[in-house]
Each structure stands twice: as structure tokens, then as C-alpha cells.
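A short worksheet on the structure shown next.
The values are calculated or read from the model by the stated rules, or taken from the named source; none is laboratory data. Everything quoted here is computed from the prediction, not taken from an experiment. Here the Cβ is made from the backbone with ideal geometry for all residues, glycine too, and neighbour counts use every protein chain on show. The area values use the complete protein model at the heavy-atom level, side chains included, leaving out ligands, DNA and RNA. Shrake-Rupley method; radii C 1.70, N 1.55, O 1.52, S 1.80 Å.
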Amino acid sequence: MLVRFFETLREYRVPVTLRELLDLHDAMGQHLAYGSVDDFYMLSRAVMVKDEKYYDRFDRAFEFYFKGLESIDPDWFNKAIPDEWLRKQIEKNLSPEELAQLQRMGSLEKLLDEFRKRLEEQHKRHQGGNKMVGTGGTSPYGGHGANPEGIRLTGPSRNKKAVKVWEKREYRNLDASVELGVRNIKLALRRLRKFARTGKAEELDLDDTITSTARNAGLLDIRMRPEVENRVKILLFFDIGGSMDPYIRLCEELFSAARTEFKHMEHFYFHNFIYEYVWKDNRRRWDEKLATWDLLHKYGSDYKVIFVGDAAMSPYEINSVGGSVEHWNEEPGAVWMQRITETFEKVIWLNPEPRRSWEMTTSTVWTRQLLEDRMYPLTLQGIEEAIKYLSR
């Protein structure tokens, strides 16, 4: 069974190796998961999946491999699973409230007895109806039905009253190609964090206190140390307006995640391309401008610079004087981008447009050239590639 399950994971592009398969085999031999699909799911995921971004693929492979309850031999419950084990396993997973609900059918034993009887009587798939195991209908066994309580074998919950659920697992949409959410972005950005002890000594150093007290013959000597802080420093530039309007929510999620993960972060806005000024408040953008020259002199070269935009614009906005669509720029945008890349050690561009469309826009091609191809798609995989570069 484990070998076929292993092959299914490989088919769903979960990067598992024989080492993980052997580890899962050993874990099963130690009875770390026995007689419970939920326990086996949690155990196999912990052993076989080494990166959260593959959880979604694992869930789909798991569901595919263990699906097909309608083909179970009707005598399987009687022959393979002892009644006492089945009763105790289900009772163990029920809350006192759920056990109380069983009284409506008489008892847990009665519910299971009825389940076995109907499996014995059933010889084909059922849709609708009020008795057999199937989908739809009002039977207490199956899925997608209208019965207010029973054993749900498959599908999403309808009434939230099933006393036992076969497929009760937590699905997480963390595939590397999916659109981002705040939590997903946090997980990706977290790899960029670098911790160091800085500032005042305000945190108790327990190890040093014990050592120092012992050296003083038991006389208490409290030792303090600076707290650990994330030392990564970020300058985040967002393109706003025009073709970026469809990505407002995505940019908000990125901003929310970055603000949580990085204590030393400053954000700014620009339109289409970087010029002689940026701003921090879109509502007062014409009144409260910040000179790009000042940013170049204010922040150290160790700040990591991240531009977020689709890079879709007229080529004149990059390479021409007066090319900006909003004002007369005395110097081309390319000149300002060159100054930024020469001032800061690491500069990247995150593009919400799919990578396959980048070659279709001249301005996108030129932007990539200015950044020496350090443009990454705004997906989990793209952020991971960007973080890998920024972490070097």
C-alpha cells in the first residue's frame, strides 16, 4: 500500500524520495498511526512533505489515492475491523456534545450496525434516496445529502452535524503557482529574515545568569542581553494606478505581509517607472513628494530594494526626457534606475503579470535589462526565487 501511495505522490509532483518512504514505513511499524485515516494523513504528510508549498499537491494525491469508498467490499467492515476497535476509535474522536447527539439514533452501536447492514444490502452506487450509502438524498450515510446527522463519507459539509467524517482534513492552497495570500507571502518572506542582538540589554540571559551566579558562590548575579531583532532592511516601491489597478488587492496583501515580517521597512509609491521623486501618501501625492536623491543618500547600501509593478508602459517612459505620462521628467527613468542599482547592493522587481507575457511588452524587456534580469513573477515560486537572490 505504501509503495502505491508513494507512486501516487510522485504522479502529483510531490518531491518524495525513497528515504521518506522508508521513514514512513518505520513510523507505521512503530504504530504512530494505526486504524485512523486522520492519524495516517497527519503522519504521512509530516514525513513525506518537506515544504509547505507542496501541501496542496499532497492533499490532492491523498484524496485521489484513498477515494473510492463505493467500491469497498460489503463484508469489509465485518472481516477487517473488529467491532470493539471501531466503536472505541469513533468514540475517541467524538466530543461530549457529539456523543449526546447519537442518542437521537439510540446509540453509536446502533448507528454503526445500521451502517453495516446497508453496506451488506448495497451492490451498486446510489444517488438520492433515504436509505443506502450514496450521494444526495436523506440517508445518514454518504455525502452531499440533506440528513441533519450521520456518517459523512465524502464531500463538503452541509449541515455541520455529521457525527463522523471520513475526509475531515485541512486543505491548504499553498501550491507554488497559485495566487498569493497574506499568509502565503509571510511564509515566503520569512526566509529572508536574519536575526541579531542589537540595542539595549533588556532581555534576561538565563544561561549567563546561572553561570555568573555559580561563580559568585550562589550570590544571585542577574545578567541581561539585547533582544533578538530581524536585521533585514527593506525599501519597498509600489507602482500604482493605470494597469496596476487590477492588482491592488495583491499589492495590499504583499504590503501587509512585509510590514509584519520586517521591522526595518520603508515603502513608497511611483507611477509606471521611477523618476526624480516618489511619495508615501497617494491622497497627497502632489503635495508631499519625496526626492529620490534624498532616498539614495538617506538609506544605506545594505537596504534591499524591491519594486512591485507590471512594467507595462510606453518605452518613452523609460528612455526619454519628458517621457513620463504625468509630468515633465528632466532625466530618463533609466538614469534613475541605474543610480538605484549602483547605490544599493540588491535590487529586484516583482511583476504580477505572468512570466510568459513579459516578452510581449518592450518596456518589460527593457526593465529586465536594466535590472540584469532580476525580475520575478509575483507567485510563491517567484518570491522564493527573489528571496534566494536577496539572501546571498
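I306 exposes around 10 Å² of accessible area when a 1.4 Å probe is run over every protein chain in place.
Note on K67: accessible area approximately 120 square angstrom, rounded to 10, probe 1.4 Å, nucleic acids and ligands left out.
These residues, V365, V308, go from largest to smallest accessible area, 1.4 Å probe, as V365, V308. Split the accessible area of segment 237-392 by element, probe 1.4 Å, and carbon with sulfur accounts for 50%.
Note on surface exposure: K304, K50 rank K50, K304 by accessible area, highest first, 1.4 Å probe. Across Y54, Y299, the residue with the most accessible area heads the list, and the full order at a 1.4 Å probe is Y54, Y299. Computed with every protein chain present, the accessible area of S324 is close to 20 Å² [probe 1.4 Å].
Heavy atoms of the protein chains alone define the surface here; on that basis segment 253-312 has 47 Å² accessible area per residue at 1.4 Å probe size. Taking 30 Å as the limit for the C-alpha separation, the pairs K67/K388; K280/K346; K289/K388; K53/K280; K263/K388; K50/K233 exceed it in the case of K67/K388; K289/K388; K53/K280.
Between D245 and T211, the distance separating the two model label sites (each 7 Å from Cα on the Cα→Cβ line) works out to 6.2 nm.
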